[in-house]
Amino acid sequence: MALKFLVVDDSVTMRRIVANSLKTIGHDLYVEAGDGREALTKLISDDSINFVITDWNMPEVSGLELVKAIRSNEKFGSIPILMVTTRGLKEDIIEALAAKVNNYVVKPFTPQILKEKIEQIVSSS
Amino acid sequence: MMQSNTSFENIFKKLGDLKDFFVYGQKLIPILHKILNFMHDTVPLLENVNHSIQDSTSKIPKAARQINNITNATEVATTEILDIVDELALDIADMQNKAESLRKKYGNDKDLNTLLATIEKIKDGVINISIPLQVQDITSQQLFAVNHMIQSIQERLGALLVEFKDKDIQDVPDIKFDFPDELSFNANARYEKTNKSQSLADSLVNEKLKKATQSEIDKLFAKS
């Protein structure tokens, strides 16, 4: 099944870099959201989204809050989530894993790292 | 007779106490003088402090605005670079397709193969441009953190100015700068190419995956 990504980041530049990286590794299907609230709206309205790539630090609803909201939702609670963030401290990573992200990427990343993590998530789910 | 002796003793004792008090007072006068002089000297100092705080507070909005301008300028510049990168990527893909068609038409030519290898190398280079461009997001978070600190300083200086105003030392104008209400940033954001943080994340994810797998095995055994 083709993957359709929801790329969530408040930085336009970062959304574009993630999207470009996805295209580079052969994934052309994606939609974008500027924060957690917009992401939840897109998830509710678009059933074809089957993978979330989210930043952590965002205004309104943060990436971590988004992860918790997704995981507590019956409809899309099991959707794979990859956190892509500048937060590289051990306690941050543990907090994100406790919130049930499937994998974790620390910025700056290469398209290759993104590919590895996506494949790892897809193969284990 | 006995009673009048006791009264005299009391009077002498009180006179002695009074003498001690005057002696103490004489010693205290120069100290009080020094304190008064010190307070006299302190007033202009306090006024200077007041001026400095007022001056610093008035510069804060400008500093904050300049930092915001830097963030916006780097974002615009990064977007422009990404536009160019996208155009280049399209041109390279076009070039690659044309070179592939030529190879199909003329067979496995050595020069064509070299050209295709070079195109592939350029393509990788263009893709890799996006990695250092992520520094824009990282630095903008650092700048947000600086602005947050500036905001705290402004609030504290503002409170001090209000104190001065209440004490009638100097009339103080209201200096305000509206910082965005919702700021979300990572003050520890770093641009590191060492992969140290990524390795840490990988090991923690793997640890968690192993634990999950083990608990799944345990569940299976519990069922059978």
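The values are calculated or read from the model by the stated rules, or taken from the named source; none is laboratory data. Values in this document were obtained by computation on a predicted structure and should not be read as measured data. Methodologically, a virtual Cβ is constructed for each residue, glycine included, from the backbone with ideal geometry; neighbour enumeration extends over all protein chains shown.
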Do we find a residue being loosely packed, with under 12 Cβ neighbours inside 10 Å, touching a helix residue (DSSP H, G or I) at 6+ places or on another chain (Cβ under 9 Å) and farther than 30 Å from B:THR194 by Cα anywhere in region B:106-126? yes
Among the residues of region B:122-165, which ones are free of Cβ contacts under 8 Å to residues at least 60 places away in the same chain, farther than 22 Å from B:GLU87 by Cβ and hydrophobic (A, V, I, L, M, F, W, C)? B:ILE138, B:ALA145, B:MET149, B:ALA159, B:VAL162
Does region A:92-101 include one or more residues that are modelled with pLDDT of 95 or more, crowded, with 24+ Cβ neighbours inside 10 Å, in a loop (DSSP other than H, G, I, E, B) and more than 8 Å from every other protein chain (Cβ to nearest Cβ)? yes
Screening A:PRO59, A:PRO80 for residues that are at pLDDT below 95 and more than 25 Å from B:LYS193 (Cα to Cα) leaves only A:PRO59
Report, by residue number, each residue of region A:15-33 that is without any contact (Cβ under 8 Å) to a residue 60 or more places away in the chain and within 12 Å of the chain's Cα centre (by Cα). A:ARG15, A:ALA19, A:TYR30, A:VAL31, A:GLU32, A:ALA33
Out of the residues in region A:1-40 that are at the interface with another protein chain (Cβ under 10 Å from one of its Cβ atoms) and part of a loop (DSSP other than H, G, I, E, B), which is nearest to B:VAL76 (Cα to Cα)? A:SER11
Which one of B:ILE60, B:ILE84, B:ILE67 is under 30 Å from A:SER21 (Cα atoms), more than 14 Å from chain A (Cβ to nearest Cβ) and under 34 Å from the mean Cα position of the chain (by Cα)? B:ILE67
Within region A:74-91, residues under 19 Å from A:MET58 (Cα atoms), more than 9 Å from every other protein chain (Cβ to nearest Cβ) and not aliphatic (A, V, I, L, M) come out as A:GLU91
Taking region B:137-196, which residues are over 15 Å from A:GLY88 (Cα atoms), at pLDDT 75 or above and outside any helix (DSSP H, G or I)? B:SER184
Close pairs (7 angstrom Cβ cut-off, 6 or more residues apart or separate chains): within 19 Å of A:SER21 (Cβ to Cβ) and within 14 Å of another protein chain (Cβ to nearest Cβ) in region A:47-65, buried (at least 20 other Cβ atoms within 10 Å of the Cβ) and among the basic types (Lys, Arg) anywhere: A:TRP56/A:ARG87
Can you tell which of A:VAL67, A:VAL84, A:VAL52, A:VAL105 is buried (at least 18 other Cβ atoms within 10 Å of the Cβ), in contact with a strand residue (DSSP E or B) (Cβ under 6 Å, 6 or more places away or on another chain), of a type outside the set (Phe, Trp, Tyr) and not in a strand (DSSP E or B)? A:VAL67
Does B:SER52 count as touching a residue at least 40 places away in the same chain (Cβ under 8 Å), surrounded by 10 or more Cβ atoms within 10 Å (Cβ to Cβ), assigned to a helix (DSSP H, G or I) and of a type in the set (Ser, Thr, Tyr)? no
Within region B:184-204, count every residue that is at the interface with chain A (Cβ under 7 Å from one of its Cβ atoms) and over 15 Å from A:PRO108 (Cα atoms). 3
